[in-house]
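A short worksheet on the structure shown next.
The values are calculated or read from the model by the stated rules, or taken from the named source; none is laboratory data. Remember, predicted model here, so these are calculated numbers, not experimental data. Glycine gets a Cβ as well: all are built from the backbone with ideal geometry, and neighbour counts include every protein chain shown.
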Amino acid sequence: MARRDMVRKCPECGGINLFWNKEKGEIVCKDCGLVIEDKMVDFGQEWREFDSDTGQSKRRTGAPMTYTQFDQGLGTEVGGKGDFMKLGGKNRSKFFRLRKWQYRISTAIERNLKLALAELKRVGSYLKLPKSVEEEAARIYTLAVQRGLVRGRSMESVVAGALYAACRRHDVPRTLDELSEASGIEKKEIGRTYRFVTRELGITILPSNPADYIARFASALKLSAETQSKSIEILEQAQKAELTSGRGPTGIAAAALYVAALMHGEKRTQREVADVAGVTEVTIRNRYKELLDKLKLEKEIKKKKKKKK
């Protein structure tokens, strides 16, 4: 009401017989029909929904936009099955035919997106990825389709590459081996597609931090919180000594966890750690030797063993 009071009279005819249409957010002069203001914001109290019936009638907006749907969630439906049952025979068949035509997708891009986004949701669910990562991956894939980057490549490999890029951007630790297992695409193909898509779309991704993998690996190996904390300390020392540059983050993280487990008397074999991290035993052994030599951790391991005895 305060906004309506600001407009004293119509600028066209000078009349004061004004009408404020709350539903349309407009102020209209009843004398000459001039729309004085439009697209006004309603600052009134918001309604509350206690059941689905009242909520449906009071709801003013639809679902938010999302890239996880081929039409970004902006599509409309021609009624529901309950609505059709109220109609007569001819009208019912007519609306069923309209609904059938509505589900038919016209463009090739939309057809590709509908299939690819369903695959993206399946892989994301298998890897237990958060919604934010799925949304980012769907956005990356949509851009790739619009720029013709999917042509000549399998849809599944581009989906996997987009998911890996989204995981890297949101600091959600997932390895290429995990994505390969979930999608059924070879690890090398996912990596190749990931690099191509990020380069063509100009997506900058920072190197992944080995510390992001510690919690997952420690949980799978059933290691204590003390061992996790110690492994992060070892990784910080390794970063200062520049031992992490040029090396795979999963390998260095697994080696740091292996060393920390030895220090706290929680012995795990190199094979067990390698299986959890998705690397080879040779990688664990090489990183383990580097950490012992450069950080001089061998003495600390011996001290811990003596204390245990």
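Brief remarks on what is shown
- Evaluation of GLU181 against the conditions (1) closer than 17 Å to VAL279 by Cβ; (2) touching a residue at least 12 places away in the same chain (Cβ under 8 Å) shows that the sole unmet condition is (2).
- Note on the range 145-250: enclosed helices (runs of 4 or more DSSP H) holding 2 or more residues that are within 21 Å of the chain's Cα centre (by Cα), closer than 23 Å to ARG111 by Cβ and of a type outside the set (Asp, Glu) are 155-169, 187-201.
- Some residue of the range 198-208 being over 27 Å from ALA118 (Cα atoms) and surrounded by 14 or more Cβ atoms within 10 Å (Cβ to Cβ): yes
- ARG216 falls short on exactly one of the conditions (1) loosely packed, with under 14 Cβ neighbours inside 10 Å; (2) under 20 Å from THR175 (Cα atoms), and that condition is (1).
- Residues in the range 279-298 that are part of a loop (DSSP other than H, G, I, E, B) and over 19 Å from ASP177 (Cα atoms): LYS296, LEU297.
- Residue in the range 126-135 that is within 29 Å of ALA238 (Cα to Cα), out of contact with any helix residue (DSSP H, G or I) (no Cβ under 8 Å at 6 or more places or on another chain) and of a type outside the set (Lys, Arg) present: no
- Residue count for the range 256-278, restricted to those that are over 15 Å from THR175 (Cβ atoms) and either not in a helix (DSSP H, G or I) or not hydroxyl-bearing (Ser, Thr, Tyr) (or both): 15
- Criterion: farther than 24 Å from ALA108 by Cβ and of a type in the set (Phe, Trp, Tyr) - qualifying residue of TYR141, TYR126: TYR126
- Hits in the range 156-186 (condition: within 18 Å of ALA118 (Cβ to Cβ), of a type outside the set (S, T, N, Q) and crowded, with 16+ Cβ neighbours inside 10 Å): GLU156, VAL158, VAL159, ALA160, GLY161, ALA162, LEU163, ALA166, LEU179, ALA182, ILE185
- Which numbered condition ARG271 misses (of (1) surrounded by fewer than 19 Cβ atoms within 10 Å (Cβ to Cβ); (2) at pLDDT 90 or above; (3) over 25 Å from ASP293 (Cβ atoms)): (3)
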